[in-house]
Amino acid sequence: MLRARGAVPARLDNLALRDQLGVDRLPLRLLQMMAGLTGFGVSLAMLLQSGLGGAPWDVLHAAIADRLGLTVGTVSIAVSFVLLLLWAPLREQVGIGTVANSIWVGVSIDLGMLVLPEARTLLLALLMMIAGVALNGVSGAIYIGAQLSAGPRDGLMTGLGRVLRRPVGPVRIVLEVIVLVSGWALGGPLGVGTVVYAIALGPVIQWTLPYVTIAVSTVHGREISEPSPRSPQARP
């Protein structure tokens with residue numbers, strides 16, 4: 001059953017891969033995870049097609065794709081697996097969602113880029129930007145709510161925060177600024193949409209997450225204790 005508790009923080013459990021395979025309602029979690037990842041990728045394509053700027057990581061992805069003659073989704077997948085190599089020294093746990101995120105978000109970006117038209121008017125561009133940010137936040141919450149592990153970018157941020165003994169928030173900001181500046185320097189699509197995304201994504205996820213989180217009740221048939229609620233990370 002999905003949680004619907006208004007503004008109450010959703011409980012999130014950090015499950016190892018073995019526990020994910022034995023968690024309750026796994027088929028529902030897998031379905032929800034894939035729906036979230038699909039919406040997430042399509043929403044990133046929507047931002048790019050708006051012409052008003054991509055999400056921070058996609059500013060870099062699009063710049064590399066343009067220089068190498070590849071699709072944005074292909075570069076997103078490649079970057080994801082490079083980041084996963086950095087998980088080993090950080091001792092981050094790879095889960096079902098980690099692998100699915102690494103592959104399917106990129107596939108969904110490319111599908112979205114094929115289906116969605118480029119915005120030809122300012123009004124359409126603004127509508128695509130707003131819809132893209134909203135869909136991205138809702139889809140991110142749906143993916144997180146399935147509780148099948150973080151994506152490669154969030155795992156890198158949480159791992160660095162733990163190793164450096166620094167809060168994840170500042171680590172996220174520094175890393176995404178580095179990514180954003182690098183992408184912009186390479187000619188990536190930095191714009192007002194990038195700024196709106198950075199500001200609005202967190203609140204949209206925070207508002208949506210309590211309604212879509214599938215609480216973990218049992219693992220391998222054993223009930224688990226109720227931990228203290230904690231705030232989720234902003235991006236899959």
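Inside the range 193-231, can you point out the residues that are among the small types (Gly, Ala, Ser) and either modelled with pLDDT under 85 or touching a Pro at 6+ places or on another chain (Cβ under 9 Å) (or both)?
Residues of the range 193-231 that are among the small types (Gly, Ala, Ser), as a first pass: 193, 198, 200, 202, 215, 217, 221, 225, 228, 231.
Within the range 193-231, Ala198, Gly221, Ser225, Ser228, Ser231 meet the criteria.
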The residue from Val75, Val79 that alone is touching a His at 6+ places or on another chain (Cβ under 6 Å) and either touching a residue at least 60 places away in the same chain (Cβ under 8 Å) or of a type in the set (A, V, I, L, M) (or both) is Val75
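Can you report the number of residues in the range 165-212 which are of a type in the set (A, V, I, L, M, F, W, C), in a helix (DSSP H, G or I) and surrounded by fewer than 19 Cβ atoms within 10 Å (Cβ to Cβ)?
Start the filter on the range 165-212 by keeping residues that are of a type in the set (A, V, I, L, M, F, W, C), which leaves 168, 171, 173-175, 177-181, 184-186, 190, 192, 195-196, 198-201, 204-205, 207, 209, 212.
After this cut, where a residue has to be in a helix (DSSP H, G or I) as well, the list is 168, 171, 173-175, 177-181, 184-185, 192, 195-196, 198-201, 204-205, 207, 209, 212.
Applying the additional criterion that residues be surrounded by fewer than 19 Cβ atoms within 10 Å (Cβ to Cβ) yields 168, 173-175, 177-178, 181, 184-185, 192, 195-196, 198-200, 207.
Count: 16.
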Heads up, the helices (runs of 4 or more DSSP H) in the range 1-119 (entirely inside) with at least 2 residues that are modelled with pLDDT of 95 or more, more than 19 Å from the chain's Cα centre (by Cα) and hydrophobic (A, V, I, L, M, F, W, C) are 56-68, 96-115
Only unsatisfied item for Thr213, checking (1) out of contact with any Gly (no Cβ under 8 Å at 6 or more places or on another chain); (2) within 24 Å of Ile96 (Cα to Cα), is (1)
Given the condition in contact (Cβ under 8 Å) with a residue 40 or more places away in the chain and within 24 Å of Asp24 (Cα to Cα), answer yes or no: does some residue in the range 174-194 qualify?
no
Test: Ile130 is over 15 Å from the mean Cα position of the chain (by Cα), assigned to a helix (DSSP H, G or I) and either of a type in the set (Val, Ile, Thr) or crowded, with 21+ Cβ neighbours inside 10 Å (or both): yes
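The values are calculated or read from the model by the stated rules, or taken from the named source; none is laboratory data. All values derive from a computational prediction rather than experimental measurement. Glycine also receives a Cβ, built like all others from the backbone with ideal geometry; neighbour counts cover every protein chain displayed.
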